[in-house]
Amino acid sequence: MLTQRSEYMGDQYVYVSKSGFKWVNPKAGANLVTASPDWVVTMFNDKTRQYFQTTFDQWRNQMISTGGQRARDMQAARWKAAGSGNISGLKATKYVMSGGPIGAGGGKLSTVKAATCWVSDEIEVPAAIADVLSRAYGMPRTRYFPLRVTYVTGSGQVKSALDTYRSSTCPIPAAYFAKPNGYALASSQAEVLMDDETRQIFEDMAGEAGIKRKPVATRPAAAPAAAQKPTAGSSTPPPKPGSTADQLSKLLDALKGK
């Protein structure tokens, strides 16, 4: 069990084992769980008591697509092991970005000049989860969980994409990676991952930006995704134009300066 601070999401709790993964954002009440053997991804919110399910491949591709240029630059870079140490009581290996990003977008056009990643030597995760984490944070591809990711921007600013400041080891029951009972099915993951206060802020901002959206009650709920194991090379269709997911995506891109 890890307590981490994310660059964009703030404090988060992570529960990880060889057969399951759970992410919790306590401020928003948002949760994400996935577990073997099917690896269906369930997102639910303890504040709004809603949930949404999708396949692992759809979630994986969305995480990759929203990683941003920084993560893509770092993912394309050359990495090398550069020693070992201790992060919050966990033995860890240090990796440094060697020679900067390569290929398109590298060199002076890169958003990242240098980066360092600390990976746990003790927390091994399934290959599919490891791939998502690697692409989302731009870290080197390993089978172990990231504990700290820092980088230097093109303008010389030092940033922390991820940091672990507390860890503990404990048995995690299989039910901890399951969908909670009594939660209503939401129409999209965007409806689930934000609490009412955060959603209202985004709706107000969308209104000021001239983005119209229909009331939540007028949209039919989507059926839960069928069980599907992660596969390589699959793709996810873009959000339907005018949908909540599409509107939210456009607003988030605008806020990030994309």
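Every read-out reported here was derived from the displayed coordinates using simple, explicitly stated rules and does not represent laboratory data. Just so it is clear, the structure is predicted and the values come from calculations on it, not from any experiment. Counting neighbours? That spans all protein chains shown, and the Cβs are built from the backbone with ideal geometry, glycine included.
For residue 77, which sequence-distant residues (separation of 5 or more, or a different chain) have an amide H within less than 5 Å of its own amide H, given hydrogens modelled in the peptide plane?
For residue 77, the qualifying residues are 102.
Hey, with R₀ at 41 Å, roughly what FRET efficiency would residue 141 and residue 27 work out to, going by the Cβ-Cβ distance, to 0.05? Spell out each step's value before the answer.
On the way: r = 31 Å, r/R0 = 0.74.
Using R0 = 41 Å, I get an efficiency of 0.85.
May I ask you to derive the relative contact order of the range 68-166, considering only C-alpha pairs under 8 Å and at least 6 residues apart, and to give it as an integer percent?
So the answer I get is 28 percent.
Give me the number: length gained by fully extending residue 165 to residue 69, i.e. 0.36 nm times residue separation minus the C-alpha to C-alpha distance, one decimal in nm. All intermediate terms of the calculation are to be shown ahead of the outcome.
Values: separation 96, 0.36 × 96 = 34.56 nm, distance 2.63 nm.
Separation in residues times 0.36 nm, less the Cα-Cα distance, equals 31.9 nm.
Past the 20 Å Cα-Cα mark, which pairs from 27/47; 27/159; 47/179? Don't jump to the answer; show the numbers that get you there.
On the way: 27/47 10 Å; 27/159 22 Å; 47/179 15 Å.
Pairs exceeding 20 Å: 27/159.
Full extension from residue 181 to residue 122: what is 0.36 nm times the residue separation minus their Cα-Cα distance, to one decimal in nm?
Values: separation 59, 0.36 × 59 = 21.24 nm, distance 3.27 nm.
Additional length available on full extension: 18.0 nm.
Roughly what would the spin-label model give for residue 9 and residue 47, points 7 Å off Cα along C-beta, in nm?
1.5
Which cross-chain or sequence-distant (5 or more) residues have an amide H under 5 Å from the amide H of residue 185, H modelled 1.01 Å from N in plane?
Under 5 Å from the amide H of residue 185: 51.
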